[in-house]
1. Where does the chain land at 222 nm, in deg cm²/dmol rounded to the nearest 500, when only DSSP H runs of n ≥ 4 count, each adding -39500 (n - 2.57), divided by all residues?
2. By the scheme Lys and Arg +1, Asp and Glu -1, what is the net charge of all other residues having a beta-carbon under 14 Å from that of residue 124?
3. Taking θ as phi - 60°, what are the ³J(HN,Hα) couplings along the stretch 106-122 by the Karplus curve (6.51, -1.76, 1.60), each to the nearest whole Hz, with x for Gly and Pro?
4. When you count, for each residue, the other Cβ atoms within 10 Å and take the mean per peptide, how do 32-38, 85-91, 167-173 rank with the highest first?
5. Sort 58-64, 320-326 for me by packing, meaning the mean count of neighbouring Cβ atoms within 10 Å per residue, highest on top.
6. Under the Kirkwood approximation applied to all pairs of distinct alpha-carbon atoms, what is the hydrodynamic radius of the stretch 133-287 in Å?
7. Only bridges with both residues in the chain count here: give the DSSP antiparallel percent, nearest 5.
8. Once the Cα atoms of helix 70-81 and of the chain are each reduced to a long axis, what angle between those two axes, in degrees from 0 to 90 to the nearest 10, is obtained?
Amino acid sequence: MRKWMKLAATALVAVAVVGCSKKDETSKGLIGISMPSKTEARWASDGDSMVKALEKLGYKTDIQYAQYEVPTQLSQLENLLVKNVKGVIIAPIDGTTMADVLKQAKEKGIKVISYDRLIRGSKDFDYYATFDNYKTGVLQGQSIVDALNLKTAKGPFTLEIFAGSTDDNNAHVVYGGVMSVLKPYIDNGTLVVRSGQIKLEQVATPNWDGALAQSRMDNLLSAFYATTHLDAVLAMNDQIAIGVVSSLRGIGYGRDGSAMPVVTGQDGEVPSVKAILRGDQFSTVFKDTRALAQAAAVMMDNALQGKPVQVNDTTSYDNGAMIVPTQLLDPVSVEKKDVQKVLIDSGYYSEDRLR
Ligand code: BGC
């Protein structure tokens, strides 16, 4: 190597080293992020927003996605704990599996925030940041009430219910909200669930898996709706809604005069928003993941800096070991008429992505 090249290379290495150590010196430390899976768009977008928000606040981040496998999530968390993290933000796959790993975190003085999904049966974490899950359920139920005009129409209308995964506390809370709206109509016969499957355990969808929802819908349609029109499907999230819509389309709903049932959802994922625009899905509940990620990042920063941490609910989220100080954000119902304002004008999606 010529002398000037050697000098230039040495200078470059020096700049890189100085650059690195400067960054390390100014960083407020490393925050671990543990997400359930990358297969659902919402967790990928939560993850991206959280990395951005934490980096803006001066932290480095290490983000892990567990592909819906509990042992993977636990070993990813254990690895994070030995990397000298200052804090960890966890959206658990199964909220009941965290106690041991959180004990280790507590012993190391690591701050922990339960993100979107509640950690259950442990006192060894600090805060919970989520959307108001009960309200999400109320909005889903209300969407069916409005679309079928249940306050005045006599019915009866047929309904089937597809809830989320019972290992996720959110499925229980959302179900409570849904039933607070729909149960009176089921009880007075305005809504008829021909399968008779109403209890959460009967209508749950393991891992909120759209393919499982699709095959359950196939079975229900052939067993109970061969000669009866299905009018509404309470689908607890968009993955489930897309599975349900495929099943319905498969047997001819949405054409030849057979109207699509009113199908609800949650998350505002792209395939569902497109389905709403073309009339296959009626509504979704939008939860702005940018805002939740930002809230959790600020909570973590304040907790680490010893500053007051903002929470707005200190009574609702009892995890079996403590009542968890919680910051609740507001979910928003989105029908076709709301897509422009809520999803495009807010910058969440570009118009192109929804075409
Ligand atoms: C979240 C939903 C999501 C579901 C499946 C729930 O805990 O609150 O937004 O659709 O998990 O990932």
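1. Numbers: 11 runs with 152 residues, N = 355.
Theoretical 222 nm ellipticity from helices: -14000 deg cm²/dmol.
2. Net local charge, residue 124 excluded: +3.
3. Calculated HN-Hα couplings, in order: 4, 4, 8, x, 8, 7, 10, 10, 7, 10, 6, 10, 7, 6, 10, x, 9 Hz.
4. Averaged packing, sorted descending, gives the order 85-91, 32-38, 167-173.
5. Result, highest mean Cβ count within 10 Å first: 58-64, 320-326.
6. Mean inverse Cα-Cα distance, inverted, gives 15.0 Å.
7. Looking only at bridges with both residues in the chain, the antiparallel portion is about 20 percent.
8. Approximately 30 degrees, to the nearest 10.
Values in this text are rule-based calculations from the coordinates and carry no lab data. These numbers come from a predicted model, not from an experiment. Cβ sites come from the backbone with ideal geometry, for glycine too, and all protein chains shown count toward neighbours.
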